[in-house]
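The values are calculated or read from the model by the stated rules, or taken from the named source; none is laboratory data. Remember, predicted model here, so these are calculated numbers, not experimental data. Cβ sites come from the backbone with ideal geometry, for glycine too, and all protein chains shown count toward neighbours. Heads up: the accessible areas ignore ligands, DNA and RNA and are worked out on the full protein's heavy atoms, side chains in. Shrake-Rupley method; radii C 1.70, N 1.55, O 1.52, S 1.80 Å.
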Amino acid sequence: MRKYCLFLVALLVLISLDAKPKKKRGDKKFPKILEEVVVAPKNLITSYKGSETKYFDLLHTKLNIKPIFNKKELVGTAELLIRPHFYNQNKVVLDAKYMQIHSVAVKKNSKNLPLTFVYDTTQLTITLDTIYTRFDSLTLLINYTATPYQQDSLQVDDGRGMYFIDVEDKNPYKPMHLWTQGEEESNSCWFPTFDATNQKSSEEIYVTIDKNLTSLSNGLLISSKDNGDGTKTDYWKQDKPHSPYLFFLAVGDFYKSVDHWRDKEVSAYTFPKYKDAVAEIFKNMPEMMEFFSNKLGVDFPWDKMANVMAFDYTAGAMENTSAIIYYDRLLCDRQQLVDGDFDWIISHELFHQWFGDLVTAESWANLTLNESFADFSEALWTEYKYGQTEAEIYRNKSMGKYLYSSHVYDEPIMNYYYNHPHDLFDNIRYEKGGIVLNMLRNYVGDEAFFLSLHKYLNEHKFGNAELSDLRKTFEEVTGKDLNWFFTQWWNEKGFPVLNITHKYDATNKTIALTIQQTQKGTAIFRIPTKVNIYINGKIETKIIEITDKTNTFYFPAATAPQLVNFDADKVLLCEKTEDLSEAENIFKYYNAPKTKDKLEAIEALAPKLKGNSAIQNVFYDALQNKNWYIRLNAINLLKVNRFSNSQKLSTALQNTIQTDTNPEVREKALNKYVQLEREKSIPLCEKIIRTDSSYSVIANALTHLNTYDKNKAYTEAVKWNSTESRRIIVALCNIYKDTTADQMEFFKKAIWLNTPYTFYPNFKSFSQYLTNVNLNDLEKGILFLSDIYTYEESNYNKEGAKQAIQNLKSYFAEKAKKDKQADLKLQVVKKVGRAVL
């Protein structure tokens, strides 16, 4: 599953209509560093969360189901083929959440023998007709109605399992459809099962739906039968076993785009409105399948590869076996792809078809075997398709993301003491895990690394594994003891924090390189790494291994080095400080080959920009570097008031804005240009709005134009009212928030199309807009917000609407003390929004 970060704490201060929050004393760029995070609870026995005990093996699951859209329910029969795992059994406990259980039977001599059962809303306990041994199998028949909306929790908590989207037809931008989400343990909300990662079952699903709709599930569509009553029954079958949380169903009015990999279908389902972009979005998937199959030495293992996009999906994407679901960011037009493709998330979910689906983590504590590999695959694909430099960029961004978050919270990748499985889906299991795998690859070498993955997949295919299984495989292939590597990187938290110094002794003709480990605690990391020494334009590579808190290494050198470059491959997960001089950093920028080398150099040089022509020249060079990420970081680091020649800088920024091929670079360059030129930037902003191909750059130009000329910004904004680009919508909401013109319908569209990244600014702008409208329009706005709270599936929209009404009430209550009109508006908010308040 590809996660996204959603900071719902923002809802607590959502849509403040008055002063900005005060900055507390001690606030800094980084989050507050926690002195210590205790991972293991006091009682290590009762808090331990290992693998589920297997009383039975789930062998096959057959479902005959019919979703009832207007009731948000599903009626069905589950036929489960099971067998005692080892011990004799006379009862079965199934996971079955928020259901009505109508009957339970066991197949016996071609008859259905009724069984007694007890149901407590989350588990179904069945008393069997006799004692069964591990040599016996039995088939249970369960008639039930799934009621996933019976639960009172928000969808991001434990999950509904099955989600019915806009069945009330309230949102004109979201077609009625349904989708399921099984991870972590939510598929038992729509069919009874053993909802555990260490179960594996083949699958059949008969689903009865309106004949004008399309279904998608795991495996192959075997048949579609017209029932003669306006419905049809689709029959899906997957004969290869997979875990219950990977079962999937989607139903909607979908357009299907078809491609192929070898003899297997590769398809993508989207809504007809977005069909023009779907083939472009997934054009690289067959090539990915070929690349991963060849790289792993294990062919793509499933019968097909389908993809579907949905509204209000609870995460970024989910690797359901042979049927991946994606969030609504992929519901876009072709122009949106100018701002970047979706290879990152497609490769992530595709790699899961091997790591997660073919071989599944034995328990949630072993999630690294699923998610760390999927994260690793994003850079692996980038490396193959777009080159080593792009892969370096990708890994550098991932490392930065983890290191930043580690200042707030950190724990070992392997954690058996979590509170809820959802807690594990974070930067530790994703980004850190992917980086650690890349370090392992660097340490053992490519051939050994991928041969180990090949062996691991073959030995555990259609089964489960733990981290120790991966370690043993690598040890068998390489002949190396890797317990130390797995222990320090997977079983212990943190990373090395290094202070690196070097001195040249002209008398003894030696370089002394000293590395100090300064991380908190007593842990000392074992660090094998490379050091490149640059002398008179030549490079000498030294292999060192750090094993103590302080290590000093001595290297012979006829003359003083131009640069001592630690971690020459730039793969080490660490934070470091180096005593490089200004001249050494300038040399490093121009001569060291890696993207991170140049980034480290300009980061070190940036504070010394003012009055330093040599450093300013480095930045001018960086603005034209062939590596877009160097250009981007140079722009982000430069301070416009530190350059000696502001006209030269202005010209350089204009050139970047108008000619750079990367939209993000153009967008950030515009920020700096506006800082430098202020109101003189208006003509360029207008030009960008009319000519740039990137929605992100256009949105940024609209925002800046609004700062210096609101009338011109409004004139340009209304030309974009038909857009569904979320970036431009946010910019337009910001422009319209102060207007007295009628933009109610546009704000409705903005809220209807909200995402986790846009809901906060859009609700804030809409709330401010509603403070300026008349009583009639205010009533319409509050009615709309009440509908959003009542009918929308997404929790961010529901809670955002609720908070908006509450904040408007507080705003008008304060104003009403001195303003009669405000008091009238307060009464409207109270009356119309009473169901929410």
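Quick one: S468 ticks every box in (1) open to solvent by 50 Å² or more (accessible area, probe 1.4 Å); (2) in a helix (DSSP H, G or I); (3) under 26 Å from Q199 (Cβ atoms); (4) not hydrophobic (A, V, I, L, M, F, W, C) bar one, so which box is it?
Evaluating S468 over (1) open to solvent by 50 Å² or more (accessible area, probe 1.4 Å); (2) in a helix (DSSP H, G or I); (3) under 26 Å from Q199 (Cβ atoms); (4) not hydrophobic (A, V, I, L, M, F, W, C) leaves (1) as the failure.
Which residues, counting only those in region 723-744, are more than 18 Å from I805 (Cα to Cα) and not in a loop (DSSP other than H, G, I, E, B)?
R726, R727, I728, I729, V730, A731, L732, N734, I735, Y736 - these are the residues of region 723-744 that are more than 18 Å from I805 (Cα to Cα) and not in a loop (DSSP other than H, G, I, E, B).
Considering only region 218-238, state which residues are open to solvent by less than 40 Å² (accessible area, probe 1.4 Å), farther than 18 Å from K72 by Cα and part of a strand (DSSP E or B). Let's see the steps before the verdict.
Of the residues in region 218-238, the ones open to solvent by less than 40 Å² (accessible area, probe 1.4 Å) are 218-219, 230-236, 238.
With the extra rule that they be farther than 18 Å from K72 by Cα, the set shrinks to 218-219, 230, 232-236, 238.
If the condition is that a residue be open to solvent by less than 40 Å² (accessible area, probe 1.4 Å), farther than 18 Å from K72 by Cα and part of a strand (DSSP E or B), then K232, T233, D234, Y235, W236, Q238 are the ones that fit.
Considering only residues that are open to solvent by 10 Å² or more (accessible area, probe 1.4 Å) and in contact with a helix residue (DSSP H, G or I) (Cβ under 6 Å, 6 or more places away or on another chain), look in region 339-366 and name the one that is nearest to N284 (Cα to Cα).
So, considering only residues that are open to solvent by 10 Å² or more (accessible area, probe 1.4 Å) and in contact with a helix residue (DSSP H, G or I) (Cβ under 6 Å, 6 or more places away or on another chain), the one nearest to N284 (Cα to Cα) is W344.
Determine the pairs where a residue that is touching a residue at least 24 places away in the same chain (Cβ under 8 Å) and within 12 Å of F164 (Cα to Cα), located within region 138-150, has a partner that is part of a strand (DSSP E or B) and open to solvent by less than 10 Å² (accessible area, probe 1.4 Å) with Cβ atoms under 6 Å apart, the partner being 6 or more residues away or on another chain.
Partner pairs satisfying both residue conditions: P148/M162.
Here are some conditions: (1) more than 35 Å from the chain's Cα centre (by Cα); (2) in a helix (DSSP H, G or I); (3) not hydroxyl-bearing (S, T, Y). G611 meets all but one. Which one does it not meet?
Checking G611 against (1) more than 35 Å from the chain's Cα centre (by Cα); (2) in a helix (DSSP H, G or I); (3) not hydroxyl-bearing (S, T, Y), the one that fails is (2).
Name the residues in region 571-586 that are open to solvent by less than 40 Å² (accessible area, probe 1.4 Å) and touching a Leu at 6+ places or on another chain (Cβ under 9 Å), would you?
Selection gives L572, L573, C574, L580, E584, N585, I586.
Could you list, ordered by first residue, the pairs with Cβ atoms under 6 Å in which the first is in region 54-71 and under 16 Å from G252 (Cα atoms) and open to solvent by 30 Å² or more (accessible area, probe 1.4 Å) and the second is assigned to a strand (DSSP E or B) and among the polar types (S, T, N, Q), at least 6 apart or interchain?
As it stands, the answer is K66/T208, since those pairs meet every condition given.
Collect the residues in region 663-722 that are among the small types (G, A, S), open to solvent by 10 Å² or more (accessible area, probe 1.4 Å) and either farther than 30 Å from N627 by Cα or part of a helix (DSSP H, G or I) (or both), keeping them in residue-number order.
Within region 663-722, the subset among the small types (G, A, S) is 669, 681, 693-694, 696, 699, 701, 713, 717, 722.
Those left that are additionally open to solvent by 10 Å² or more (accessible area, probe 1.4 Å): 693, 696, 722.
Across region 663-722, the qualifying residues are S696, S722.
So F135 passes all but one of these: (1) surrounded by fewer than 15 Cβ atoms within 10 Å (Cβ to Cβ); (2) in contact with a helix residue (DSSP H, G or I) (Cβ under 7 Å, 6 or more places away or on another chain); (3) of a type in the set (F, W, Y). Which condition number does it fail?
(2)
Could you check, for region 198-217, whether at least one of its residues is of a type outside the set (V, I, T), in a strand (DSSP E or B) and open to solvent by 50 Å² or more (accessible area, probe 1.4 Å)? Lay out the reasoning, then the answer.
Taking region 198-217 and keeping what is of a type outside the set (V, I, T), we get 198-204, 206, 210-213, 215-217.
Now restrict to residues that are in a strand (DSSP E or B): 201-204, 206, 210, 215-217.
Those still in the list that are open to solvent by 50 Å² or more (accessible area, probe 1.4 Å) too: 206, 210.
Yes, because at least one residue in region 198-217 is of a type outside the set (V, I, T), in a strand (DSSP E or B) and open to solvent by 50 Å² or more (accessible area, probe 1.4 Å).
May I ask you to list the residues in region 124-148 that are assigned to a strand (DSSP E or B) and within 21 Å of Y87 (Cα to Cα)?
Pass one, region 124-148, residues assigned to a strand (DSSP E or B): 124-132, 138-146.
Answer for region 124-148, where residues must be assigned to a strand (DSSP E or B) and within 21 Å of Y87 (Cα to Cα): L124, T125, I126, T127, L128, D129, T130, I131, Y132, L138, T139, L140.
Please find, among A523, A512, A558, the residue that is aliphatic (A, V, I, L, M) and within 30 Å of G434 (Cα to Cα).
On the way: A512 fails: within 30 Å of G434 (Cα to Cα); A558 fails: within 30 Å of G434 (Cα to Cα).
Every option except A523 fails the conditions.
Of everything in region 316-328, what is open to solvent by less than 10 Å² (accessible area, probe 1.4 Å) and not charged (D, E, K, R)? Give them in sequence order.
G316, A317, M318, N320, T321, S322, A323, I324, I325, Y326 - these are the residues of region 316-328 that are open to solvent by less than 10 Å² (accessible area, probe 1.4 Å) and not charged (D, E, K, R).
Is it fair to say K295 is closer than 19 Å to E383 by Cα, part of a helix (DSSP H, G or I) and among the charged types (D, E, K, R)? Outline the logic, then answer.
Numbers: closer than 19 Å to E383 by Cα: yes; part of a helix (DSSP H, G or I): yes; among the charged types (D, E, K, R): yes.
Against the criterion (closer than 19 Å to E383 by Cα, part of a helix (DSSP H, G or I) and among the charged types (D, E, K, R)), K295 qualifies.
Report every pair of residues separated by at least 6 positions or lying on different chains whose Cβ atoms are under 6 Å apart, first residue within region 278-290 and part of a helix (DSSP H, G or I), second crowded, with 23+ Cβ neighbours inside 10 Å and of a type in the set (S, T, Y).
As it stands, the answer is V278/T270; M288/S347, since those pairs meet every condition given.
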